[in-house]
Amino acid sequence: MSNTYYVTTPIYYVNDAPHIGHAYTTLACDVLARFKRMDGYDVKFLTGTDEHGQKVEKSASAACMEPQQFTDNVSQNFRDLAEFMNFTHDDFIRTTEPRHKAACQAIWKRLFDAGDIYLGSYEGWYAVRDEAFYGEGELTTGPDGKRIASSGAEVEWIQEPSYFFRLSAWEDRLLQFYNDNPNFILPRTRRNEVISFVKGGLQDLSVSRTTFKWGVPVPSDDAHIVYVWLDALTNYITAIGFPETEADSFTQYWPADLHMVGKDILRFHAVYWPAFLMAAGLEPPKRIFAHGWWTNEGQKISKSVGNVIDPIELVNKYGLDQVRYFLLREVPFGNDGDFSQQAMVNRMNGELANDYGNLAQRVLSMIAKDCDRQVPAPGKFTVDDENLLAQAMALEEALRERMDALAFHECLEVIWRVIRAANAYVDAQAPWKLRKEDPKRMGTVLYVLADTIRQLAILTQPFMPDASAKLLNQLGVGDKDRTISSLSLRLIPHSALLAPQGVFPRFQE
Ligand code: MSP
């Protein structure tokens, strides 16, 4: 049984600066990748940038730059953001790399040789913003008479020679595939939307363009360049060595375990991509999860409204782990969510500073003051002690299940239940009173608490890596003892701890 886990983010368009939406998708993948790694998986976590197409070409020309130079700059901003956010991707792919051009042309050849691509001409609506073709039925007319796609993007009429992919021939096989793989598209409501879209009938898809140059040339017909979505989707197999399908990197990691995407690009991933793959004789990925959309203080985030949230500003104001926590705690993953300063501050001060921070701070300071800064030696456990330890031990399974369901908010909820139980236990046991009355019992209570905090800090690592590492350092937990399999190890009595130090500051307005 292979123990690999391959997770990908969408590759982001380099037409613009990275914003909170991009950081959100990659964050979710990062948390998952970190969890799977500490659960013993050989993880491959891929992110990158989508650099071809008309939209990027237009942005480059608006910036008076050559597309290559323009994409070099903007791609670097995405790379810098990933580092700033403490993401642990194993590879960062750019579609302008030679390895990708080769993969893209190779998949084209497979589709062409299989008879799934033919030459024709396209006449219809196209939205450059979405790099997508739309049917008449998907359009409305704006107040100024402009035609608008269901996504809100403006469309233009195009007419040009084009190669087509025989998507119409894949309708039944796609429906069969969704039926055989009920968890291929999640959440469930999104799955239903995709199925009704496919049942509504699929038309052949235009997969090449001739009116601009910025892209991968079609093999043997370089008047055409490969449609940017066929180009972009292929990144997921480029990164593991396609077209070398016999190489270990490919056989170990394909099919991908998860393509994480926003709901806006589900159709490309759940309809076109599996059809391309099946036609090319490759397996579709195991799962596509489409998450929701962020708004800012109730408003749609858009450049024209001027309310784009810069993740760097946010982190500089509130702290990195705080922002990572907030984004995954505030909204049930999959739903749309609203960013508000008030909600951010409430969670930061309430759940991080008061609940988690305070628990660690008061326990570690008591141990520093009353136990010579050493792990106290416990006596016999009472029912209350056993109860708290059992609640902490139960987190492992609870989290594994919820991580597999991509229910990040629930992971944090169940962790916080234990944090609250531990705080209630501190109040009920009142170790500060035991110091004189029954120091042995005080040692036991503080031991139970310290070990509970150890387990909590191991499990919060994927969400809040820096703060959790500080807690584990203070508890003297070695690097190799920070995995899921080390949850059941206990703190060793009399081992020395570091001086306690607060890890979750309050936000002062
Ligand atoms: N280049 C394509 C993807 C190709 S994947 C083979 C693309 N790029 S994008 O830069 O527009 O990124 C879209 C993704 O960014 C969304 O699917 C989502 O993951 C994320 N988000 C962008 N804005 C967002 C919000 N306001 N809220 C949440 N996520 C959003 O599409």
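Once the Cα atoms of the range 1-125 are picked out, what are the Rg and Dmax in Å?
Spelled out, the Cα radius of gyration and Dmax of the range 1-125 are 17.4, 53 Å.
Please give the net charge around LEU352, taking every other residue with its beta carbon less than 12 angstrom from that of LEU352, where Lys and Arg add +1 and Asp and Glu add -1.
Net local charge, LEU352 excluded: +1.
Could you tell me which of the pairs LYS44/LYS470; LYS286/LYS317; LYS36/LYS109 are separated by over 29 angstrom between their Cα atoms in the structure shown?
Among LYS44/LYS470; LYS286/LYS317; LYS36/LYS109, the Cα-Cα distance tops 29 Å for LYS286/LYS317; LYS36/LYS109.
Starting from the Cα-Cα distance between GLN341 and SER61, subtract it from 0.36 nm times their residue separation and give me the gain in nm to one decimal.
Extra length available between GLN341 and SER61 comes to 97.2 nm.
Would the range 327-398 count as rounded, prolate or oblate if I go by the C-alpha gyration tensor, calling it rounded below 1.5 in a/c and otherwise prolate when a/b exceeds b/c, oblate otherwise?
Oblate, since a/c reaches 1.5 and b/c is not below a/b.
What are the semi-axes of the equivalent ellipsoid for the range 341-486, taken as the square roots of 5 times the Cα gyration tensor eigenvalues, largest first, in whole Å?
Details: eigenvalues 131, 56, 46 Å².
After scaling each eigenvalue by five and taking roots: 26, 17, 15 Å.
Enumerate the aspartates and glutamates that LYS380 could reach by cross-link, defined here as Cα to Cα under 14 Å, with residues fewer than 8 away along the same chain left out.
Cross-link targets: ASP438.
Would you mind computing, in nm to one decimal, how far apart the modelled labels at GLN159 and GLU401 are, each placed 7 Å from Cα along Cα→Cβ?
A separation of 6.0 nm, rounded to one decimal place.
Suppose R0 equals 35 Å; then what is the FRET efficiency for ASP91 and GLN508 from their Cβ-Cβ distance, rounded to the nearest 0.05?
0.30
So between THR245 and LYS303, what do we pick up on full extension, going 0.36 nm a residue minus the alpha carbon distance? Each step should come with its number before you reach the end.
Details: separation 58, 0.36 × 58 = 20.88 nm, distance 4.15 nm.
That pair, THR245 and LYS303, stretches by 16.7 nm at full extension.
Taking 51 Å as R0, compute the FRET efficiency from the Cβ-Cβ separation of ASP144 and THR4 and round it to 0.05.
Once rounded, the FRET efficiency stands at 0.50.
Determine, from the Cβ-Cβ distance of ALA223 and ASP113 and an R0 of 22 Å, the FRET efficiency 1/(1 + (r/R0)^6), rounded to the nearest 0.05.
About 0.65, to the nearest 0.05.
Express the relative contact order of the range 341-486 as a whole percentage, based on alpha carbon pairs under 8 Å and six or more residues apart in sequence.
Relative contact order comes out at 29 percent.
At 222 nm, what helix-only mean residue ellipticity would the chain give, in deg cm²/dmol to the nearest 500, using -39500 (n - 2.57) for each DSSP H run of four or more?
-13500 deg cm²/dmol
Using C-alpha positions alone, give me the convex hull volume of the range 409-509 per residue in cubic angstrom.
Details: hull volume 13.8 nm³, N = 101.
In the range 409-509, the Cα convex hull volume per residue is 136 Å³.
About the Cα centre of the chain, how large is the charge dipole given +1 on each Lys and Arg Cβ and -1 on each Asp and Glu Cβ? Please answer in debye to the nearest 20.
1560
Rounded if a/c is under 1.5, else prolate if a/b beats b/c, else oblate: with a ≥ b ≥ c from the C-alpha gyration tensor eigenvalues square-rooted, which is the chain?
prolate
Determine the dipole magnitude for the range 128-232: charges of +1 sit on the beta-carbon of Lys and Arg, -1 on that of Asp and Glu, nothing else is charged, the reference point is the Cα centre, and the result goes in debye to the nearest 20.
With only Lys, Arg, Asp and Glu charged at Cβ, the dipole is about 340 debye.
Name the GluC sites (Glu not before Pro) in the range 33-97 that are in a loop by DSSP and that have at most 13 other C-beta atoms within 10 Å, would you?
none
By how many nm would the segment from THR382 to LYS433 lengthen if fully extended, with 0.36 nm per residue of separation less the alpha-carbon distance?
Working it through step by step, the gained length comes to 16.6 nm.
Please identify every one of the trypsin sites (Lys or Arg not before Pro) in the range 311-409 that sits in a loop by DSSP and has no more than 15 other beta carbons within 10 Å of its own beta carbon.
Answer by residue number: LYS380.
Between PHE84 and ALA421, what is the label-to-label distance in nm when each label sits 7 Å out along the Cα-to-Cβ direction?
Calculated label separation equals 4.0 nm.
Which order do the peptides 474-480, 21-27 take when ranked by the mean count of other beta-carbon atoms within 10 Å per residue, highest first?
Ranked by mean Cβ neighbours within 10 Å, highest first: 21-27, 474-480.
Give me the percent of DSSP beta bridges within the chain that run antiparallel, rounded to the nearest 5.
50
So what is the relative contact order of the chain, in percent, for Cα pairs below 8 Å that sit 6 or more residues apart?
Rounded, it is 15 percent for the chain.
Give me the distance in nm between label points sitting 7 Å out from Cα along the Cα-to-Cβ direction at GLN374 and ASP72, one decimal.
About 6.1 nm separates the two model spin labels.
Each value in this text was obtained by applying a stated rule to the coordinates, not by laboratory testing. Since we're looking at a predicted model, the values are computed, not measured. So basically every Cβ, Gly included, is an ideal-geometry build from the backbone, and we count neighbours across all protein chains shown.
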